[in-house]
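Everything below concerns the one structure shown next.
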């Protein structure tokens, strides 16, 4: 297992290569479900050959919230682990949840049987859902038991009433057993001096089988399957939300990416949308790309659509997909699709409908059988936690969203948009703060690696109509504007530069081949990759190191020669400031040894491997 000094999380409790528990942690969440960042201090540890004890203090301060808790973790020689939480409020505030959560891994648990013991002692035989379950699988959980690699694990909870949710609804790669049931009133007031004491204990039924690791402790390795061959979905981007026109330089750099479409959000109850539409039409024409026009209907949908048609008749935009949403409606009903289809019938295109939010809204309000529109939802990896490890874990959860959509739709899904953080509106920004939906990792090598992992995971499902990532320009985008960031100290971008993730899209677009081979990493939480192929037999393998440590990666390619070009800390500044010259670099020659190519990646680095 791993203990995180910065967060107090206990992660990846394993037997051999197999996770028993993905994580045990405690969270303080405010009345808007925002998680207050923990500040861990006073760590004490006693670690011996077959046991350990950890103690630490945690302060959670944000706005009116001032909360302190003391954590204790102990591990025994028989495999038992005990995690305790003792908290006390130092201020009065409102909260939705305070206390312990346990994450159960989807690979080892999804579709597998378990036994739940309730607070009255009664046992309930059940199973973890295989497809994403729209509601809680289990309530009133005092203990849950399940098998992993032949070992029977018992997880017991104390100090509050616990229940379970399927976190895959929000693209998290886990099931979560958490305190404070959702049916209780919330938010509730926490008074200064209020105390909370909780604990969770993991024990293994004896005797515990010996399970030795096969993968852990060895370097990462990629294997590439030649079947099935999957088509790469069309990839597009969102127009920058302010409606600022693109400069000639920005147009030139975006053309390199060959965007399949540009998405523009048109809130039809707003007076601003005609200006946004006009700008989007100009940008789409300059990039020779059609629009994905997201129509957000208000209270007077018929009147709003009638007004829209006057603008469409005047501008005559090239629209390849209409996305239909409704204000204050979690997922758009088929009625609104029919209404929109009739209104824009002179501007024929395909239709998608669904939610501006997460897969869970679509999952809870599933389209009827025979629905005429493609199902649509957005994705981001930071609904519940915000660290790099969680973002990488949740790449698997994104794929589960797509796979579970097969349960209620025969149509491939439209995933639009995909962002690093939950999208927010254009509310006023407090002084010296970034907008809530801006993440400084947008300009990082890690952001580029995460983007590659997302494309690879989603494309491999073979059930995607189209993917829409980020905005074209700005701190939510692919490159910085000529004006640059308004908050350089918090978002240290350089005006007129591209971000590392720009080169991921460029590597895909420039190759030209639209087919991919399934690419499997032996260490998916450390490395990820995508293999493009074309009718001439060429392959382009894109590889990302998600970790903060250098990795030596072996790629099973068979006997071959190729070229490798790296994007890492040694050349990142030039790649961002001079993308054109960087993209002209071929890389250095390489040759397989024993049927494997070796790629040496620095922390968070990317590599492009071209194989003839």
Query raised in the report: Quick one: would you say residue 453 is in a helix (DSSP H, G or I), under 28 Å from residue 399 (Cβ atoms), touching a helix residue (DSSP H, G or I) at 6+ places or on another chain (Cβ under 6 Å) and in the same structural domain as residue 354 (by TED's automatic domain parsing)?
Result: yes
Query - Scope segment 579-598; condition within 23 Å of residue 499 (Cα to Cα), touching a strand residue (DSSP E or B) at 6+ places or on another chain (Cβ under 7 Å) and surrounded by 17 or more Cβ atoms within 10 Å (Cβ to Cβ); matching residues - result: 579
Query - Residues located in segment 369-408, provided they are part of a helix (DSSP H, G or I) and in contact with a strand residue (DSSP E or B) (Cβ under 6 Å, 6 or more places away or on another chain) - result: 398, 402, 405
**Report entry** Checklist (1) over 29 Å from the mean Cα position of the chain (by Cα); (2) touching a residue at least 60 places away in the same chain (Cβ under 8 Å) applied to residue 31, failing item
**Finding:** (1)
Query raised in the report: Say we look at segment 481-509 and pick out the residues that are in contact with a strand residue (DSSP E or B) (Cβ under 9 Å, 6 or more places away or on another chain) and over 16 Å from residue 445 (Cβ atoms); which of these is surrounded by the most Cβ atoms within 10 Å (Cβ to Cβ)?
Result: 508
Query raised in the report: Does segment 409-417 include one or more residues that are out of contact with any strand residue (DSSP E or B) (no Cβ under 7 Å at 6 or more places or on another chain), surrounded by fewer than 21 Cβ atoms within 10 Å (Cβ to Cβ) and over 19 Å from residue 528 (Cα atoms)?
Result: yes
Query - Qualifying position, being in contact with a helix residue (DSSP H, G or I) (Cβ under 7 Å, 6 or more places away or on another chain), within 27 Å of residue 388 (Cα to Cα) and crowded, with 19+ Cβ neighbours inside 10 Å, among 601, 530 - result: 530
Query raised in the report: Can you tell me which residue in segment 256-277 is nearest to residue 378 (Cα to Cα), limited to those that are in contact (Cβ under 8 Å) with a residue 60 or more places away in the chain and out of contact with any strand residue (DSSP E or B) (no Cβ under 8 Å at 6 or more places or on another chain)?
Result: 258
Query raised in the report: Is it fair to say residue 434 is free of Cβ contacts under 8 Å to residues at least 60 places away in the same chain and over 22 Å from residue 555 (Cα atoms)?
Result: yes
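Each row is one residue, and each column tells you yes or no for (1) without any contact (Cβ under 8 Å) to a residue 40 or more places away in the chain; (2) closer than 30 Å to residue 70 by Cβ; (3) surrounded by 12 or more Cβ atoms within 10 Å (Cβ to Cβ).
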position	(1), (2), (3)
118	yes, yes, yes
125	yes, no, no
138	yes, yes, yes
169	no, no, yes
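The values are calculated or read from the model by the stated rules, or taken from the named source; none is laboratory data. Keep in mind that this is a model prediction, so the values were computed, not measured. FYI the Cβ positions are ideal-geometry reconstructions off the backbone, even for glycines, and counts take in every protein chain you see.
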